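Every read-out reported here was derived from the displayed coordinates using simple, explicitly stated rules and does not represent laboratory data. Everything numeric in this text was worked out from a predicted model, so none of it was measured. Backbone-built Cβ (ideal geometry, glycine too); neighbour counts: all protein chains shown.
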Amino acid sequence: MADKVIGKNIMLYKQQENVSYYFNGGTSQGTILGSTYYQISPNDEGGTAANFTRVADGDLASFITDSGNPNSTSIAGGTWVFRNYLSLSTNVSGTPMFAITIFKYDGTSLTALASSSSVYFTSTSPTLYTTSVTFPSTSLASTDRLVVKIVVLNLTGRTATLYTEGSYTNYFTSSVTYDIPFACSTNCTFNVNVDQKEVTSQTSAWYREFKNDIANWTVTCDGIITLDNYGYLFLLQQQQNRTTILIKFVIDNGADGLVIISGRCNLTSLSINGPYKDIGTYSVSLQGTGAYGTTGTTINPSGVVIAGGGTTMKQYTAAGGENTITWSDMIGNTCLYVSRGGVDVREILTSGTPVNDQVKWNSSTGVLTFGRLLESDEFIRGLFN
């Protein structure tokens, strides 16, 4: 997706309910409260096998969502269904068991939200276990992350193993609602109009007087680009289904930081132009429904700025001669945008070696690599999600 997001963009999102999260055991999320955590994500990394073992009773494995996920202030109650592959090293006599516990993490502490009943081991071979957890309606801070721990009990010297990735796809279906980007536009117009109600009276000194009345807002987008795994047919389906679309776009205020404007819209028109000789063009018109929101940020010259919508802005001033920047707190995030010296980087790679003005983002290590050396005092800015 990152190679489609260039410059100042408006992003279009669809809302997905009952989001599934995958256990990506090969992706470390670092050390939190003294324990190593691994990734749970709506994206299945499908990497090489990553297994977890434990002999003593306790946490077999701990997983956490990326920063900015689920990016919600509430989660509806419902039944979460977990599908995990586990085994026991030798006979399953006695009461060897495991359980699943869900927490929220606020950056400082864990708060338990729900737990499954104990599930008894039934096999010494990798076996798919389906576990249900009754999840209560829960309030969150917008920056809270979800944590899942698999705990083992009564092993009595036997080894419990959790198998992830490789041949074993572990995931759970939640009651989380998640906004997924499906298109972006490099050209957009945002309009706000406020109706005026006349309140002229004898005291208005021969001038008409007005008060603000009902407001409405619209967005028009040219040069629509659908992201990976989505096509223009999807846009038509959104219109036919009368689906409300979430939009977000960033206004760069330079030294004063960023502003993200977001809101829900109805797709009022979609134009697909296919000329005989020229390149086809696509445009949409969106009518805002309800109020739009603004999230302001203030730049911290030495580090992180957390913006709305799960977006994180990073910045760096080069000493000169380096070709990498390490942002370890961005591990597991997608790089949406990079600028160097105020110029947008047009190609953001995720593999291979960058050359010239290209950059490469490694989400596993948090390293941004540049195709040419940075110059002294060159200013770098990146947006991550």
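In table form, for the structure just shown:
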{"read-out": "Average projection area in nm² (convex hull over Cα atoms of the chain, one quarter of hull surface)", "value": "26.6 nm²"}
{"read-out": "Per-selection Kirkwood Rh - the range 305-384 (Cα, Å, 1 d.p.)", "value": "12.5 Å"}
{"read-out": "Other-chain or far-sequence residues with amide H under 5 Å of G47's (modelled H)", "value": "G166"}
{"read-out": "Charge dipole (the chain, unit charges on Cβ, about Cα centre) - positive-most of P42, V92, N24", "value": "V92"}
{"read-out": "Under Karplus coefficients 6.51, -1.76 and 1.60, residue-wise ³J(HN,Hα) of the range 142-157 in Hz, glycine/proline x", "value": "5, 9, 5, 10, 9, 10, 10, 10, 9, 10, 10, 9, 6, 6, 6, x"}
{"read-out": "Which listed pairs, of K14/K248; K14/K149; K104/K149, have C-alpha distances above 23 Å, in listed order", "value": "K14/K149"}
{"read-out": "Built amide H within the under 5 Å cut-off of F121, gap 5+", "value": "M97, F98"}
{"read-out": "Counting DSSP beta bridges with both ends in the chain, the antiparallel % (nearest 5)", "value": "95 percent"}
{"read-out": "Equivalent ellipsoid semi-axes, the range 1-114, via Cα gyration tensor eigenvalues times 5, rooted, Å", "value": "31, 17, 15"}
